[in-house]
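In what follows, a single structure is set out as structure tokens and then discussed.
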Amino acid sequence: MTALEDSLSNTRKDYSSDQLTEETLNPNPFEQFRIWLNLAFTKEVPEPNAMTLSTTDKDGRPSSRIVLLRNINDCGFVFFTNYQSRKGNEMTDHPYVSLNFFWPTMERQVRIEGSVEKIAEAESDEYFNSRPRESQLGAWSSNQSTIVKSRAEFESRLIELDKQYVDKPVPRPAYWGGYCVIPFRFEFWQGRPNRLHDRFQFEKHNSEWKIDRLSP
């Protein structure tokens, strides 16, 4: 057995920092999420708004990547990306996704499943205009997920764009904007000793949320 294999087989961590009970669980999953996310910011968890976004292509094959949560509103969970990227195309073909937030120092994760749709162009414009200029130019210079010959190819494009928009506002590309994940299922997971974790599922039935404790 190699050192790596030994590490994979024998690494153990017992979770014991907190618990989640029926009494402490907020009956509104959005509010429960906000409570945990606010605490993650307070405790200075690295990248607390980072989330795994999982999509599937038209043949049902999944893919995952990390994106950043940028807003929680009446619609749901908002993030921004290139509409023509792999994930953008997959969400067009199959508009259902899952999100996963993992805060290891808090021994917590939240799983969210829902449908996804583009947000209004005005909202995408507002967020794009708030981004640093370098990030705005980056959205123009990169045809996200496509094959490039070298890094120099899009760096050269970035230099050209920088000159093109000297002393001018950078407009939002039509192919870049926001999506909103509209949840129909949440799961809140709190690590507990001996792998007997606390897990609560919220599942939407019409306009109501049904809450169940899940076996660890």
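The values are calculated or read from the model by the stated rules, or taken from the named source; none is laboratory data. Everything numeric here is computed off the predicted structure, so don't read it as measured data. For neighbour counting, all protein chains shown are included, and Cβ atoms are generated from backbone atoms with ideal geometry for every residue, glycine included. For accessibility, only protein heavy atoms count, side chains too; no ligands or nucleic acids. Shrake-Rupley method; radii C 1.70, N 1.55, O 1.52, S 1.80 Å.
Residues are listed down the side, and each one gets a yes or a no for (1) over 23 Å from Arg70 (Cβ atoms); (2) within 19 Å of the chain's Cα centre (by Cα):
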site	(1), (2)
Arg111	no, yes
Ala122	no, no
Ile147	yes, no
Arg172	no, no
Asp198	yes, no
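Within the stretch 52-73, does at least one residue satisfy the condition of being touching a His at 6+ places or on another chain (Cβ under 6 Å), surrounded by 16 or more Cβ atoms within 10 Å (Cβ to Cβ) and either charged (D, E, K, R) or at pLDDT 95 or above (or both)? So far as the stretch 52-73 goes, yes, one or more of its residues are touching a His at 6+ places or on another chain (Cβ under 6 Å), surrounded by 16 or more Cβ atoms within 10 Å (Cβ to Cβ) and either charged (D, E, K, R) or at pLDDT 95 or above (or both). Would the stretch 89-96 turn up any residue that is in contact (Cβ under 8 Å) with a residue 60 or more places away in the chain and assigned to a helix (DSSP H, G or I)? Among the residues of the stretch 89-96, at least one is in contact (Cβ under 8 Å) with a residue 60 or more places away in the chain and assigned to a helix (DSSP H, G or I), which makes the answer yes. Scanning the stretch 78-114 for residues that are within 23 Å of Ser145 (Cα to Cα), among the aromatic types (Phe, Trp, Tyr) and open to solvent by less than 50 Å² (accessible area, probe 1.4 Å) yields Phe79, Phe80, Tyr83.
Hey, among Glu47, Glu22, Glu31, Glu5, which residue is open to solvent by 50 Å² or more (accessible area, probe 1.4 Å) and touching a Leu at 6+ places or on another chain (Cβ under 9 Å)? Write out each step before concluding.
Details: Glu22 fails: touching a Leu at 6+ places or on another chain (Cβ under 9 Å); Glu31 fails: touching a Leu at 6+ places or on another chain (Cβ under 9 Å); Glu5 fails: touching a Leu at 6+ places or on another chain (Cβ under 9 Å).
On inspection, the qualifying residue turns out to be Glu47.
Is it the case that the stretch 107-115 has a residue that's within 13 Å of Val181 (Cα to Cα), in contact (Cβ under 8 Å) with a residue 60 or more places away in the chain and in a loop (DSSP other than H, G, I, E, B)? No, there is no match, as no residue in the stretch 107-115 is within 13 Å of Val181 (Cα to Cα), in contact (Cβ under 8 Å) with a residue 60 or more places away in the chain and in a loop (DSSP other than H, G, I, E, B). Scan the stretch 194-216 for residues that are open to solvent by less than 50 Å² (accessible area, probe 1.4 Å) and of a type outside the set (D, E, K, R) and the total you get is 5. Glu117 fulfils the conditions (1) surrounded by fewer than 19 Cβ atoms within 10 Å (Cβ to Cβ); (2) closer than 30 Å to Val166 by Cβ except for a single criterion, (2).
In the stretch 145-170, the residue that is surrounded by the fewest Cβ atoms within 10 Å (Cβ to Cβ) out of those that are touching a residue at least 24 places away in the same chain (Cβ under 8 Å) and closer than 25 Å to Ala120 by Cβ is Pro169. Is it true that some residue in the stretch 172-193 is exposed (fewer than 15 other Cβ atoms within 10 Å of the Cβ) and more than 26 Å from Asn89 (Cα to Cα)? Scanning the stretch 172-193, I find at least one residue that is exposed (fewer than 15 other Cβ atoms within 10 Å of the Cβ) and more than 26 Å from Asn89 (Cα to Cα), so the answer is yes. One residue is enough: does the stretch 19-29 have a residue meeting the conditions within 15 Å of Arg111 (Cα to Cα) and within 15 Å of the chain's Cα centre (by Cα)? No, the stretch 19-29 contains no residue that is within 15 Å of Arg111 (Cα to Cα) and within 15 Å of the chain's Cα centre (by Cα). Of all the numbered requirements in (1) more than 30 Å from Lys168 (Cα to Cα); (2) free of Cβ contacts under 8 Å to residues at least 60 places away in the same chain; (3) open to solvent by less than 50 Å² (accessible area, probe 1.4 Å), Phe128 misses one, and that requirement is (1).
Would you confirm, using the coordinates I've provided, whether Ser142 is hydroxyl-bearing (Ser, Thr, Tyr) and closer than 30 Å to Lys43 by Cβ?
On the way: hydroxyl-bearing (Ser, Thr, Tyr): yes; closer than 30 Å to Lys43 by Cβ: no.
No.
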